[in-house]
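Structure first, then comments.
FYI, it's all coordinate maths here, none of it is from the lab. Model, not experiment: these values are computed from the prediction. Here the Cβ is made from the backbone with ideal geometry for all residues, glycine too, and neighbour counts use every protein chain on show.
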Amino acid sequence: MPLDAFAIEQLRQARRINVVGTSGSGKSTFGRQLAELLELPFYEMDQLFWRPDWQETPDEELLARVQEVADGPAWVIDGNYTRTIPVKWPRTQAVVWLDLSLARTLYQVTSRSIRRALSQQELWAGTGNRETLWKSFLSRDSVILWSARTHRKNRTKYRTLMNSPEYAHIHFLRLESRRSTAACLASLKQLVSGGSAEPSPAG
């Protein structure tokens, strides 16, 4: 489905944006690029949630952190965390949903897990948290398994939320392929540089 110029213009005008999607869909990469294009602060939900040694932040503290970010005038927040939606979305102006196919999502999350495990990169500064092949492929906490289990649930959830009167103030943009995400960013780049966003093929 082509991306229409009106949808891109609405995204360009938004100052508070939440990028959502199943683990491995490319939320963080897209969110960072979007924030850079629109010159907005970028926040990762995972960074707000995870403490050193993979310890979880209690909900009360997490929701307070998210509220502090959401109260700001402008931001791009990357991440789902359904329990934070009542905190984020009342002030959210646009939600970008990366709804890639299950096959593409699993390919991306698997490739990412291998790359991170081999490079031993720290995922969030100051936490010391790193992925391992054991954690990614053999653990009950496997992000690959999590992605497979939640893909269909996320589709059902976001389809329902898109039609909820409670969030009628939000502009929803659903991107269903890597091509559409690239087309979206390319159109935005053209807009912010002073051009006009022509309808882009996004199949």
Cross-link reach list, lysines versus K189, counting only Cα pairs under 25 Å and skipping chain neighbours closer than eight places: K27
Modelled label reach - R130, point 7 Å along Cα→Cβ, region 98-122 residues with backbone N closer than 19 Å: 111-122
In range of the label at K189: residues from region 9-31 whose backbone nitrogen is under 16 Å from the point 7 Å along Cα→Cβ: 29-31
Taking N as the number of residues in region 1-158, what value does Rg over Cα atoms divided by 2.2 N^0.38 Å take? 1.05
Nearest 10 degrees, 0 to 90: what angle lies between the long axis of helix 27-38 and the longest principal axis of the chain (Cα atoms)? 40 degrees
Quick calc: nm separation of the 7 Å Cα→Cβ label points for L123 and R178 -> 2.2 nm
Could you tell me which of rounded, prolate or oblate describes region 1-48, using a ≥ b ≥ c as the square roots of the eigenvalues of the alpha-carbon gyration tensor, with rounded for a/c under 1.5 and, failing that, prolate when a/b is larger than b/c and oblate otherwise? oblate
Taking a temperature of 10 °C and a viscosity of 1.306 mPa s, what whole-number D in µm²/s does Stokes-Einstein yield for region 40-117 with Rh from Kirkwood over alpha carbon pairs? 111 µm²/s
